[in-house]
Amino acid sequence: MIKIAREIRALTIECIASIGQGHIGGSLSIVDALTVLYYKHMNVDPRNPKMEGRDRLVVSKGHAGPAVYATLAHKGYFPKEELQTLNKFGTNLPSHCDMNKTPGVDMTAGSLGQGLSCACGMALGSKLSQDNAYIYCIIGDGESQEGQIWEASMFAAANKLDNLIVMLDNNKLQLCGYTNDVLTLLDPSKKWESFGFYVQSIDGNDINEVDKAITNAKQNKGKPSMIVLNTIKGKGFSYSENAGIDNHSMPISAEILQKAKEELK
Amino acid sequence: MEFRKVLCNELSALMKENEKIVILDADLAKPDGIYPLFVEFPNRCFQVGIAEANMASICAGLSAYGYLPVMVTFAPFATRRVFDQIAVSIAYAKQRVIIVGTDPGITAELNGGTHMSFEDVTIMRSIPDMVIYDAVDDVQLGQAIKQLINLDKNVYIRMPRKVRPTVFNENYKYEYGKADLLKVGTDITIAATGTMVYEALEAAKLLEEDGINAEVISVNTIKPIDKDMILESVKKTNCVVTCENNNINGGLYSVISEILCSNYPAICGAIGIYDEFGQVGKYSDLLEAYHLTPKDIVKKVKEVIKKK
Ligand SMILES: Cc1ncc(C[n+]2csc(CCOP(=O)(O)OP(=O)(O)O)c2C)c(N)n1
Ligand SMILES: [Mg+2]
């Protein structure tokens, strides 16, 4: 899976390079989580993206579209060449995830803070229809400043949505700077614990840790799960990692793409 | 000049004159161009995080304390995302806040459908006494900000972030509540707002080649609208085409139709978004996709003239 994650990183950067600029930081930080989800845990079928009873993923931080598209293309939902159409007029791969455009995308997002509520609705739907599906949701640390995240969290715990596995991409950065400077979450683990979640805090860029944490979360009963992914924004490519605070959205030229390909060989 | 640069410069000047002005941001200060204000006035600029609803009601509280808050974020998050907070905490409670929504409609470009507000004018218009200003160019925006901030009203400023073609020259004088007559004509009135004013002027040039003499009005504030200028023009031309970067349902087309309906019935055609959602694309792609180009305006003008 480490090799797959590296390939998905390269595809993500290629995808962004095709339009010259994009949300590289928040895309690269979740590649390891996406890899483990799609290549180990999620019950999905790329030939039948709308399969009944499938596990679903809501990428609530919808601006991470390029990483999601790279993962879906790698998994075979659509040809890798299509990654070159990112954000071009008429594309099926818009900058923010859209369930009506991209095969394999389970929920539309882009206005931050709404996806976790959508995931709660899906988890509830799965319980009602008794299909034993797991609903995964990835939210941003900046995104968690939205009040709706906490409304959804209260709801999930009160309704014992133990089929809901939430991952916080705790990359410590948001658009204008460090999350702790913009508006601190203090200790996210304690917050979600107090909201009634089963919380695990791990290295979110370590494939094995992510894998273990998801396995634990699936076995946990009676509570929704929160996996705090401690990640690095822009992870895996020196250009974006080193840009730090400025890596939310970056230009990717042909030379930079070449550099990425060499680093990620 | 970039519109966001104009916004930042004007706010900086106004903050020096009026110490009651405070700035609120929801993690978009950098792309919205107002980050320099956080450096210049660190005690009067507040970062609320990605929490627009909270920001709108915080503004109401600051207003209740005698401050004049200016909240800035992308147009959809400045309006639809916080509509109840604006309606109740701000407007109904009779507090005063300046709301700046950036990259409205197709100027959201590559941010795509979720960020492409085609309804902001429509919904904001439904709040009693809300002023709605749709920026035409950098020259006008600079002057307008000054006047709008000093009104004793809630104001929604709708503006692109980056560069758009300049329409007005350096002698231009913006006057709050007044429209601008940009081209005198006799065959049809073209009433446009925001970035569509430029497209309307281009259309008028094309029409000239076809022997059609169009009058072009830049509407500036959609609310309050300069009813007198519009009626005066239509009494001469007897037909109108409206041009807007918003859903025609409830936008400029509706406003002008309402005026005509109760004062001087005349045929009115619409250039704008025909009840659709946004999508990713460059400005020029989107102009074509939603039939907003000068050529589309020309076509609409001819259709309307035939019916009059
Ligand atoms: C409601 C809303 N407000 C603002 C934005 C603009 N925006 C897009 S990404 C972003 C920062 C997100 O930070 P975080 O959730 O930490 O994501 P990441 O660090 O993973 O990129 C902002 C403010 C938005 N998309 N939606
Ligand atoms: Mg973050």
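Kindly indicate whether any position in the range B:260-271 is at pLDDT 95 or above and within 14 Å of chain A (Cβ to nearest Cβ). No. Remark: pairs (first residue in the range B:284-304, free of Cβ contacts under 8 Å to residues at least 12 places away in the same chain; second residue among the hydrophobic types (A, V, I, L, M, F, W, C) and in a loop (DSSP other than H, G, I, E, B); Cβ separation under 8 Å; 6+ apart in sequence or on different chains) = B:285/A:89; B:289/A:89. If you check B:33, B:49 for being on the phi > 0 side of the Ramachandran plot, in the same structural domain as residue B:143 (by TED's automatic domain parsing) and touching a residue at least 40 places away in the same chain (Cβ under 8 Å), only one passes: B:33. Evaluation of residue A:36 against the conditions (1) without any contact (Cβ under 8 Å) to a residue 12 or more places away in the chain; (2) part of a helix (DSSP H, G or I) shows that the sole unmet condition is (1). Selection within the range B:14-46: residues that are within 21 Å of residue B:74 (Cβ to Cβ), assigned to a loop (DSSP other than H, G, I, E, B) and of a type in the set (Asp, Glu). The member of this set that is farthest from ligand 1 (Cβ to nearest atom) is B:32.
Report, by residue number, each residue of the range A:133-153 that is under 18 Å from residue A:51 (Cα atoms) and either in contact with a Leu (Cβ under 7 Å, 6 or more places away or on another chain) or within 16 Å of ligand 1 (Cβ to nearest atom) (or both).
Filtering the range A:133-153 down to residues under 18 Å from residue A:51 (Cα atoms) leaves A:133-136.
Hits for the range A:133-153 are A:135, A:136.
When the residues of the range A:179-195 are filtered to those that are more than 11 Å from chain B (Cβ to nearest Cβ) and not in a helix (DSSP H, G or I), the one that is farthest from ligand 2 (Cβ to nearest atom) is A:195.
Between A:49, A:94, A:66, which is modelled with pLDDT of 95 or more, farther than 30 Å from residue A:160 by Cα and either assigned to a loop (DSSP other than H, G, I, E, B) or charged (D, E, K, R) (or both)? Before the answer, list the steps.
Details: A:49 fails: farther than 30 Å from residue A:160 by Cα; A:66 fails: either assigned to a loop (DSSP other than H, G, I, E, B) or charged (D, E, K, R) (or both).
Result of the check over A:49, A:94, A:66: A:94.
Taking (1) outside any helix (DSSP H, G or I); (2) of a type in the set (D, E, K, R); (3) within 14 Å of another protein chain (Cβ to nearest Cβ) in turn, residue B:285 satisfies each apart from (1). The listed residues are B:165, B:128, B:69, and the only one of them that is away from chain A (no Cβ under 14 Å), buried (at least 23 other Cβ atoms within 10 Å of the Cβ) and not in a helix (DSSP H, G or I) turns out to be B:69.
Taking the criterion of being crowded, with 22+ Cβ neighbours inside 10 Å and over 25 Å from residue B:208 (Cα atoms), the residues of the range B:255-306 that qualify are B:255, B:273, B:278, B:280, B:281, B:286.
So which of A:200, A:130 ends up being away from ligand 1 (no atom under 11 Å from the Cβ), surrounded by fewer than 18 Cβ atoms within 10 Å (Cβ to Cβ) and not charged (D, E, K, R)? Only one candidate qualifies: A:130. When A:205, A:170 are checked against the criterion of being within 10 Å of ligand 2 (Cβ to nearest atom) and more than 14 Å from chain B (Cβ to nearest Cβ), a single residue qualifies: A:170. Of all residues in the range B:190-224, those satisfying the criterion of being assigned to a helix (DSSP H, G or I) and under 29 Å from residue B:123 (Cβ atoms) are B:196, B:197, B:198, B:199, B:200, B:201, B:203. Comparison of B:106, B:99 shows that the only residue that is more than 10 Å from chain A (Cβ to nearest Cβ) and either surrounded by fewer than 21 Cβ atoms within 10 Å (Cβ to Cβ) or assigned to a strand (DSSP E or B) (or both) is B:99. Restricting attention to the range A:97-119, the residues being assigned to a loop (DSSP other than H, G, I, E, B) and either at pLDDT below 95 or away from chain B (no Cβ under 11 Å) (or both) number 7. So is residue B:57 at pLDDT 95 or above, out of contact with any strand residue (DSSP E or B) (no Cβ under 8 Å at 6 or more places or on another chain) and not in a loop (DSSP other than H, G, I, E, B) or not? Criteria met by residue B:57. Per this entry, residue B:136 is counted among residues that are assigned to a loop (DSSP other than H, G, I, E, B), of a type outside the set (Ser, Thr, Tyr) and in contact with a strand residue (DSSP E or B) (Cβ under 6 Å, 6 or more places away or on another chain). Would the range A:123-134 turn up any residue that is within 13 Å of chain B (Cβ to nearest Cβ) and part of a loop (DSSP other than H, G, I, E, B)? Within the range A:123-134 (the criterion being within 13 Å of chain B (Cβ to nearest Cβ) and part of a loop (DSSP other than H, G, I, E, B)), the answer is no, since none of the residues qualifies.
The values are calculated or read from the model by the stated rules, or taken from the named source; none is laboratory data. None of these values were measured; they are calculated from a predicted model. All Cβ positions, even for glycine, are placed from backbone atoms using ideal geometry, and neighbour counts span all protein chains on display.
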